[in-house]
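A quick write-up on the structure given underneath.
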Amino acid sequence: MIVKKPIFGEGNPRNDYGLGFYCTHEIELAKEWACTDTNSGYANHYKLDISGLSIMRLSGADYNILNWMAILLNNRSCRISNDIAAEGKRYLLDRFLPDTKNIDIIIGYRANDSYFAFANAFLNNALSLAQLEKAMFLGKLGDQTMLKSKKAFDNIRFIRSEVADRETYYPMKSARDKEARAALKKERESQRVADSIFLIDILCERWDNDDTRIRRNISR
């Protein structure tokens, strides 16, 4: 739909980073996100004034992939296949969940269907930490920007909207998802399990958020 004024407090609280208004810098990606297999949509353009706002950049050097994973687990419903996965979820939330209480904007990776499947696979020890990190770039989804606070909502201004035609953009969306899944499958087949770190290893070795074995700013 055309959203000229996002309403603070409206929306789905079970999205990646919780309740908020989700945007992207990439207009072509926005058009893909706007379409379903049966319906076209709209890509809305906004100008956001970030002066004076507190911003959490999950893909920056201050955070790691497990911080992103913990936020995802805190907001979305994941498939828990066994007791180790259940313990792993509790551990990640306890050790790696960032405090977002006073944050106005969260910027980080977007967990579409394929990426959320990767997160589920990591939680259930079917995907290594290195593979999870690499998966964030396989579909070239870019970052999403989530307006979280009332202050952030007050700083966004509607510019215009564009039609996103499903016949053009849904096939692109579907192809991007298939590309990501195929690339990850190839990566998993080539990686040696003996050389990999899985969630169960993080549990057994009691990693914490400042562990030097965790890569920071994986976009580099």
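Can I84 be described as part of a helix (DSSP H, G or I) and out of contact with any Ser or Thr (no Cβ under 8 Å at 6 or more places or on another chain)? Yes, satisfied. Kindly establish whether K31 is of a type in the set (D, E, K, R), without any contact (Cβ under 8 Å) to a residue 40 or more places away in the chain and surrounded by 14 or more Cβ atoms within 10 Å (Cβ to Cβ). Answer is no for this residue. Reported count of residues in region 45-60, each being open to solvent by less than 40 Å² (accessible area, probe 1.4 Å) and not in a loop (DSSP other than H, G, I, E, B), is 2. Are any residues in region 13-28 open to solvent by less than 80 Å² (accessible area, probe 1.4 Å) and under 15 Å from the mean Cα position of the chain (by Cα), and if so, which ones? Hits for region 13-28 are P13, N15, D16, Y17, G18, L19, G20, F21, Y22, C23, T24. The listed residues are R192, R206, R213, and the only one of them that is at pLDDT 85 or above, within 18 Å of A130 (Cα to Cα) and open to solvent by 100 Å² or more (accessible area, probe 1.4 Å) turns out to be R206. All told, N102 meets the bar of being open to solvent by 60 Å² or more (accessible area, probe 1.4 Å) and part of a loop (DSSP other than H, G, I, E, B).
Tallying residues that are surrounded by 10 or more Cβ atoms within 10 Å (Cβ to Cβ) and either charged (D, E, K, R) or closer than 28 Å to A61 by Cα (or both) within region 161-184 yields 12. Can you pull out every residue in region 65-83 that is open to solvent by less than 70 Å² (accessible area, probe 1.4 Å), in contact with a helix residue (DSSP H, G or I) (Cβ under 8 Å, 6 or more places away or on another chain), within 22 Å of A130 (Cβ to Cβ) and of a type outside the set (G, A, S)? Matches in region 65-83: I65, L66, N67, M69, L72, L73, C78.
The values are calculated or read from the model by the stated rules, or taken from the named source; none is laboratory data. Keep in mind the model is a prediction, meaning the values are calculated, not measured. Backbone-built Cβ (ideal geometry, glycine too); neighbour counts: all protein chains shown. Ligands, DNA and RNA are excluded from the accessible area calculation, which covers all protein heavy atoms including side chains. Shrake-Rupley method; radii C 1.70, N 1.55, O 1.52, S 1.80 Å.
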